[in-house]
Amino acid sequence: MTGFLLRRLLSSLITIWFIATATFFVMHAVPGDPLSNEKAVNPEIRRHLEARYGLDQPVLTQYGIFLRNMATGDFGISFTQQNRRVNDIIREHFPVSALLGVVALVIATLGALLFGALSAQFRDRWPDRTIMLSVIFAISVPSFVLAALAQWGILSLNKAAGFTVLPVAGWGSWRHLIVPAVVLGLGTMAYMTRLMRSSMLEVAQADYLRTARAKGLGSLRIFVFHHMRNALLPVVTVLGPAIAAVTTGGFVVELIFSIPGLGRYFVQAVQQLDYTVIMGTTVFYGAFLVLMVMLVDILYGLIDPRIRVGK
Amino acid sequence: MSLHEPLLSIEALHVHIRTAAGIVQPVRGIDLQLEAGETLAIVGESGCGKSMTALAVMGLLPVGGSVAAGAVRLSGYRLDNLTESGWREVRGRRIGMVFQNPMSAFNPTMRIGEQIAESLVHHRHLDWDHAHRRAVALLDRMRIPDAATRAQQYPFQFSGGMLQRAMIAMALACGPELLIADEPTTALDVSVQVGLLELLRELQTETGLAILLITHDLAIVAEIAQRVAVMYAGQIVEQAPVDALFAQPAHPYTAGLLQSLPERHEGAGPLSAIAGTPPDLLQPPAGCAFYDRCPAALRLCATAAVPRVEISATQRALCWLRHPAVVGSGAVPPLAEQQGSES
């Protein structure tokens with residue numbers, strides 16, 4: 001287990017370095033730079049600014065400086081926002097994104113387990129058909145459309161109730177959180193529901209399930225310990241990509257619901273070619289995802305003894 | 001009829017399975033009796049209905065499958081019309097079952113000891129601690145070395161032979177009177193097979209367990225069974241004590257099976273096989289199901305319902321060739337000669 005963890009940690013570091021490098025060179029390959037936004041920059045001033053930010057150095061030197069700062073956890077200062085350090089932006093706004101993401105993921109996972117198991121249990125009957133139809137809807141409709149629909153729904157609800165049952169946008173209480181979290185998690189939930197359903201159906205055919213029935217066990221024990229437990233394995237593997245989907249999907253949902261998360265700054269930074277913010281947030285998100293995928297691997301090992309226990 | 005009830009009694013059992021193509025009839029009216037402490041083998045090729053018979057006795061027919069007619073009784077107690085909760089009292093507690101492929105018959109995410117113990121907790125209402133100790137003792141009894149450590153391991157850490165022993169331990173955990181073993185040795189090496197059969201025999205003398213052995217391997221039948229039922233296309237075509245069956249097969253299909261045994265093959269040349277394939281059980285034939293492949297078939301075999309002929313007090317066959325009316329007419333030479341002239 002320790003060896004496994006060390007290997008995972010090493011490959012995670014390499015992945016993060018790769019993400020950082022790729023981001024750096026892609027950013028420098030993009031035409032324009034953060035200073036080209038300023039109107040009518042006097043060449044003299046421009047030269048001074050470039051020197052000030054180190055943009056006059058050869059690219060490889062800049063890369064070296066960037067890596068050194070990255071390694072010490074210093075993401076630099078924003079080009080476009082006065083006197084804001086990228087570290088501060090992340091520190092202030094990431095917890096908001098993280099809370100939204102975690103709640104969305106929990107809703108998605110629990111919903112997927114419930115609906116997936118239900119539709120497998122009622123295969124080809126109306127609960128299954130209803131769920132599978134909704135799944136297709138939730139997978140195909142993009143989250144910004146869902147978000148708009150949800151806001152329209154909240155408006156109608158509030159109008160019908162005569163008071164604010166749920167706020168349409170903003171941030172502050174669990175009532176602000178619940179609808180964006182559902183919207184954000186819905187696509188992932190739909191995808192995982194399909195997976196859970198097919199996994200449940202596959203395990204239903206397994207020899208060991210027949211063995212369990214041949215032992216005369218109670219149906220609840222068979223369902224939980226023999227059926228569900230084994231059906232969970234493939235679902236757990238997609239938790240990693242699911243976290244990625246929820247994290248990146250959060251950019252759009254945060255924007256629509258006016259949630260002060262990190263996503264908004266990321267989108268803004270890309271529009272303004274704010275090098276430090278883009279690279280800082282990208283590397284940060286990359287590292288976060290790599291860490292999450294590693295946690296999922298560990299979780300998988302906890303469920304599946306074939307991974308946890310060496311032969 | 002005597003007052004005596006056999007342990008297991010299968011009476012005119014018909015199994016139907018609904019499929020997209022129509023109703024398949026894998027079991028078409030079989031009669032079997034099994035006494036306590038006895039070993040009865042059901043032999044036949046794949047698809048002859050032997051496994052379906054076993055599953056019907058356990059109430060574990062696949063989706064779409066049902067007992068269409070007939071009855072299954074355990075010590076006189078009717079099983080085939082039980083409710084699901086009624087079945088749960090029988091399965092594992094009164095009838096244990098060992099499946100063909102031990103590698104896939106265990107839950108891969110549960111420790112072996114727990115899989116044995118859960119039966120004891122469920123049927124015998126033991127607490128988990130006690131049940132675990134019993135599980136270890138059972139594994140030890142099945143001659144699994146270092147049982148205490150092994151009980152803590154998962155199926156993937158076991159070898160095939162050891163898993164099959166563990167499965168027997170699991171099937172026998174609650175002390176059933178009947179063990180159904182469906183191809184218990186098929187997935188195992190020959191050297192491991194022998195040990196397993198010895199173990200089964202030992203357990204039988206010790207506990208008076210009855211064994212219903214499903215197999216296609218006549219060598220195993222000779223090794224362990226007292227009586228044999230030969231199944232073909234959903235029917236029992238011959239039933240006899242092992243010695244009688246091997247010495248004097250009464251049905252041409254049995255004779256063909258024995259002829260295709262490598263041990264019985266004499267001289268060079270290829271092994272003999274029974275030509276043709278079994279009939280389609282979506283539309284079972286009206287006459288004898290073996291008609292197309294039978295070397296000695298008569299014209300009436302194609303259409304007339306086949307009679308069950310008592311060869312002796314213990315041997316019977318489903319065949320016109322052995323019917324007194326046919327034998328008396330002198331139209332048919334003895335079976336051995338036919339088989340000889342065939343090649």
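Throughout, read-outs are computed from the coordinates displayed, never taken from laboratory work. Note that the structure is predicted; figures quoted are calculated from it, not measured. All Cβ positions, glycine included, derive from the backbone under ideal geometry; neighbour counts span all protein chains shown.
Once the Cα atoms are used to define both axes, helix A:174-204 deviates from the longest principal axis of chain A by about 50 degrees. Per residue of peptide B:116-122, the mean number of Cβ atoms on other chains within 10 Å of the residue Cβ is 3.
Give the angle, between 0 and 90 degrees and rounded to the nearest 10, that separates the Cα long axis of helix A:275-303 from the longest principal axis of the Cα atoms of chain A. That works out to roughly 20 degrees. Determine which residues of the range B:54-93 fall in the zone a paramagnetic label at residue B:31 would reach in this model, i.e. backbone nitrogen under 13 Å from the point 7 Å along Cα→Cβ. Backbone N within reach: B:71. Going by how many other beta carbons lie within 10 Å of each one, how would you line up B:129, B:80, fewest first? So the ranking, lowest neighbour count to highest, is B:129, B:80.
Of the residues A:252, A:179, A:224, the one that moves most in a GNM of chain A with alpha-carbon contacts below 10 Å is A:224. Sorting B:230, B:43 from the fewest to the most surrounding beta carbons within 10 angstrom yields B:43, B:230. The trypsin sites (Lys or Arg not before Pro) of the range A:89-138 that meet both conditions, a loop assignment by DSSP and at most 16 other Cβ atoms within 10 Å of the site Cβ, are A:123, A:125.
Diffusion coefficient (Stokes-Einstein, Kirkwood radius over C-alpha pairs, 37 °C, 0.692 mPa s) for the range A:87-272: 181 µm²/s, rounded to a whole number.
Between amide H atoms placed 1.01 Å from N, distances below 5 Å from residue B:5 occur with no residue 5 or more places distant or on a separate chain.
The residue A:160 and residue A:303 beta-carbon pair, evaluated with R₀ = 51 Å, returns a calculated FRET efficiency of approximately 0.70. Of all beta bridges that DSSP places with both ends in chain B, some 60 percent have antiparallel geometry. In chain B, taking the dipole from charged Cβ atoms about the Cα centre, the farthest positive-side position among B:218, B:136, B:286 is held by B:286. In plain terms, the chain from residue B:11 to residue B:299 could stretch by 100.7 nm, reckoned as 0.36 nm per residue minus the Cα-Cα distance. Rounding to the nearest 10 and keeping the result within 0 to 90°, find how far the Cα-based axis of helix A:239-256 lies from the longest principal axis of chain A. Taking the Cα atoms of chain A, the angle to A:239-256 is about 60 degrees.
Summarising the amide proton neighbourhood of residue A:261: residues at separation of 5 or more, or on other chains, whose placed amide H is nearer than 5 Å comprise an empty set.
Once the mean of 1/r is taken over each pair of separate Cα atoms and inverted, chain B shows a Kirkwood hydrodynamic radius of 21.4 Å. GNM on chain B, alpha-carbon springs under 10 angstrom: the most fluctuating residue among B:305, B:229, B:181 is B:305.
If you wrap the Cα atoms of the range A:119-208 in a convex hull and average its projected area over all directions, you get 7.7 nm². Counting Cβ atoms of other protein chains within 10 Å of each Cβ in B:198-211 and taking the mean gives 0. Top mean-square fluctuation among A:274, A:33, A:207, Gaussian network model of chain A, C-alpha springs under 10 Å? Sorting by GNM fluctuation, first place goes to A:207. Residue order for B:251, B:216, fewest other beta carbons within 10 angstrom first, comes to B:216, B:251. Counting pairs of alpha carbon atoms under 8 Å apart in space and at least six apart in sequence, what relative contact order in percent does chain A give? Across chain A, relative contact order equals 28 percent.
The GluC sites (Glu not before Pro) of the range B:210-307 that DSSP puts in a loop, and whose beta carbon has at most 11 other beta carbons within 10 Å, are B:266. For the protein assembly as shown, the extents of the C-alpha atoms along the principal axes are 123, 58, 53 Å, listed from largest to smallest. The radius of gyration of the Cα set in chain A, together with its Dmax, comes out at 24.0, 86 angstrom. Annotation for residue A:12 and residue A:59: the two label points, set 7 Å from Cα along the Cα-Cβ direction, are 3.1 nm apart. Backbone phi angles across the range A:55-62, fed through the Karplus curve with coefficients 6.51, -1.76 and 1.60 (θ = phi - 60°), yield HN-Hα couplings of 6, 8, 6, x, 4, 5, 5, 4 Hz in residue order; Gly and Pro are listed as x.
Among the residues of B:102-108, the average count of other protein chain beta-carbon atoms within 10 Å of the residue beta-carbon is 6.
Backbone phi angles across the range B:21-29, fed through the Karplus curve with coefficients 6.51, -1.76 and 1.60 (θ = phi - 60°), yield HN-Hα couplings of 7, x, 8, 8, 10, x, 10, 10, x Hz in residue order; Gly and Pro are listed as x.
Averaging the Cα positions of each part gives two centres, and for the range B:93-107 and the range A:143-157 these lie 53 Å apart. Only helices enter this figure: runs of n ≥ 4 DSSP H residues, each worth -39500 (n - 2.57), summed and divided by the residues of the protein assembly as shown, yield -17000 deg cm²/dmol at 222 nm to the nearest 500. When only alpha carbons are used to place a centre, the range A:75-132 and the range A:162-199 end up 8 Å from one another. Each Lys and Arg Cβ is given +1 and each Asp and Glu Cβ -1; about its Cα centre, the protein assembly as shown then shows a dipole of about 1780 debye. Taking label points 7 Å from Cα along the Cα-to-Cβ direction, residue B:205 and residue B:18 give a separation of 5.0 nm. For the range A:203-291, the Kirkwood estimate of hydrodynamic radius, built from reciprocal distances between every pair of different alpha carbons, is 16.5 Å. Candidate membrane-span-like segments in chain B, meaning DSSP H helices with Cα atoms spread over at least 24 Å of their own axis and a Kyte-Doolittle mean of -0.5 or above, are B:190-207, with no membrane implied. For the protein assembly as shown, DSSP calls about 60 percent of its internal beta bridges antiparallel. Shape index of the range B:178-328: Rg/Rh, with Rg the Cα radius of gyration and Rh the Kirkwood radius from the inverse mean 1/r over Cα pairs, equals 1.00. For chain B, the relative contact order works out to 19 percent when only alpha carbon pairs closer than 8 Å and six or more residues apart are counted.
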